[in-house]
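A quick write-up on the structure given underneath.
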Amino acid sequence: MAEVPTERLKLKETRFLSPPIVGEPLYQCAKALVILGFDPGATLDVERNGALLLSGVPGGFPQPQGAILSLPAALAAGDVIRARQKANGLTSGWSVAVTVRDHTQDFPDGPPRPQIDPAPVYQCGSRTGINNLLTGCDVWITANGVEVGKVKGAAPHQGIDVTPDYGLGEQVRAWAMMCKDRSPPSLAYDTIAPPNPLPTPGIDPAYAGAQQIRINNLVNGARFELSLNGASLGVWRTWGYAH
């Protein structure tokens, strides 16, 4: 029996790509935004007030925290933001629109107090996580009152590289700012000696074809090296106990 060419069947395209999600809320002066719910490896477009603001930005992996996209210009109150994704020859529809707000409507006393998360902070630590941030704000870390790391346009939970690495007994705080409106400082943590010996890192189960792996049993702020079949893939800094 001869096969019927599929083009003669006039079948409708049944593949579908869902719109991504624009992380909410968005506030005036934000220098970045977060996109969630996209396919791994998709490219992302962002629209501002009906005009394309970002086009074809690689999204990477949606887990664990989505894609943080830097913006060419800070947002303004009243801006309407949408996003879409493109993957495997498909283009999604536009996401639900998010309207940018003035942060003082929700935080009349200023941005919320940042949180060093996780704690504790260790001597020789090279990266620290800061939580409780307004998306797109500026955030920085001080050690004994001296700035050691900063990110302009932060995610709600942001890792920050510090230079130099922390010394022993330093007082570490985080600070944030949106529209030149400064938050109160975070609670202070004094750096302590790391575990000795350091724990052996682990790798969550991984399978052929996987494009992403998770490293566990790390020390907060440590550097770790990853190799494949004996060849180094690079050295990363981690905040938290998994990466």
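Since every read-out is calculated from the coordinates, none of them should be taken as a lab result. Since we're looking at a predicted model, the values are computed, not measured. In this analysis, Cβ positions are derived from the backbone assuming ideal geometry, glycine residues included, and neighbour counts consider all displayed protein chains.
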Between residue 236 and residue 207, the two model label points (7 Å from Cα along the beta-carbon direction) sit apart by a distance in nm of 2.1
Long-range amide H partners of residue 130, meaning residues 5 or more apart or on another chain whose placed amide H is closer than 5 Å, are 117, 158, 159, 160
Just check segment 99-243 against the gyration tensor rule for me: Cα atoms, a ≥ b ≥ c as the square roots of the eigenvalues, rounded for a/c under 1.5, and otherwise prolate or oblate depending on whether a/b exceeds b/c.
-> oblate
How far is the Cα center of segment 68-132 from the Cα center of segment 165-216, in Å?
-> 19
Using label points projected 7 Å from each Cα along Cα→Cβ, tell me how many nm separate residue 107 and residue 171, to one decimal.
-> 2.3
Lys and Arg at +1, Asp and Glu at -1: add these up for the other residues within a Cβ distance under 10 Å of residue 59 and post the number.
-> 0
Which of 121, 96, 172 moves most in a GNM of the chain, Cα contacts under 10 Å?
-> 96
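How big is segment 115-191 by the Kirkwood estimate over distinct Cα pairs, in Å? Could the numbers behind the result be given before it?
Numbers: mean 1/r = 0.0831 Å⁻¹.
One over the average 1/r among Cα pairs gives 12.0 Å for segment 115-191.
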DSSP loop trypsin sites (Lys or Arg not before Pro) in segment 170-243 with at most 15 other Cβ atoms within 10 Å of their Cβ, which ones?
-> 180, 214
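Roughly speaking, what is the stretch gain from residue 70 to residue 200, that is 0.36 nm per residue apart minus the C-alpha to C-alpha distance, in nm to one decimal?
Working: separation 130, 0.36 × 130 = 46.80 nm, distance 3.52 nm.
My answer for the length gained is 43.3 nm.
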Counting only residues 5 or more places away or on other chains, whose amide H sits under 5 Å from the amide H of residue 214 once H atoms are built in the peptide plane?
-> 204
For residue 76, the residues 5 or more places away or on another chain with a placed amide H closer than 5 Å to its own amide H are 29
Spit out the partnerless Cys residues in the chain, using Cβ distances under 4.7 Å as the pairing rule.
-> 124, 137
Simple spin-label estimate for residue 216 and residue 99 in nanometres, 7 Å along Cα-Cβ | 4.4
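Subtracting the Cα-Cα distance from 0.36 nm times the residue separation, let me have the gained length for residue 188 to residue 123 in nm, one decimal.
On the way: separation 65, 0.36 × 65 = 23.40 nm, distance 1.47 nm.
Gain on extension, residue 188 to residue 123, equals 21.9 nm.
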Given charges at Cβ of Lys, Arg, Asp, Glu: the chain dipole, positive-most of 206, 171, 53 | 53
For the chain, modelled as a Gaussian network with Cα springs under 10 Å, which listed residue fluctuates most, 33, 233, 90?
-> 233
Top of 227, 183, 55 by mean-square fluctuation, Gaussian network on the chain, Cα under 10 Å = 227
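Cut-off is 10 Å between beta-carbons; in what order do 204, 138, 190 appear when sorted fewest neighbours first?
Working: 204 10, 138 21, 190 13.
The order, fewest Cβ neighbours first, is 204, 190, 138.
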